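A short worksheet on the structure shown next.
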Amino acid sequence: FYPPIDEPSIGNKNIDLSRRQERKHIFQGKTFVFLNAKQHKKLSSAVVFGGGEARLIMEENEEEDSFFSAPGTCVVDTGVTNTQILIPDSQKKWIHSIVDMLQRYKIIV
């Protein structure tokens, strides 16, 4: 049994949900940085099962700025404009500073 795909961006394309060995290594050498606990809880297992590392960083000064722009580091968008996620203003400011830094280095658009 395969559950119906409820993701509009995928559409009705042919999707292979079978077990494939290469999926265990798809994120190998990558570190996914989550800036809020809700996203980390929801997505970290997929990263780990794909061979990557999932880090939750919620406070300024836990890492140097260079960590966020290092090769193999993927900063997950927090969606701070989403009103359903309650983030303190001080943390929003810190998140915006990280996004601004990544945009300056042309790492994200």
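Of all positions in segment 72-82, none carries a residue that is touching a Gly at 6+ places or on another chain (Cβ under 8 Å) and at pLDDT 95 or above.
Within segment 16-43, residues that are in contact (Cβ under 8 Å) with a residue 60 or more places away in the chain reach partners that are in a helix (DSSP H, G or I) with beta carbons closer than 6 Å, at six or more positions or on different chains, in the pairs L35/I95.
Here is a yes/no grid of residues against (1) within 25 Å of H96 (Cβ to Cβ); (2) in a helix (DSSP H, G or I):
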residue	(1), (2)
N14	no, no
R19	no, no
Q28	no, no
Q39	yes, yes
L43	yes, yes
V48	no, yes
G51	no, no
E59	yes, no
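Would you please list the contacts, defined by Cβ atoms under 6 Å and residues six or more apart or on different chains, that run from a residue in segment 89-107 that is in contact (Cβ under 8 Å) with a residue 60 or more places away in the chain to a residue that is in a helix (DSSP H, G or I)? Cβ pairs passing all conditions: I98/F68.
The values are calculated or read from the model by the stated rules, or taken from the named source; none is laboratory data. Owing to the predicted nature of the structure, the values given are computational and were not obtained by experimental measurement. For neighbour counting, all protein chains shown are included, and Cβ atoms are generated from backbone atoms with ideal geometry for every residue, glycine included.
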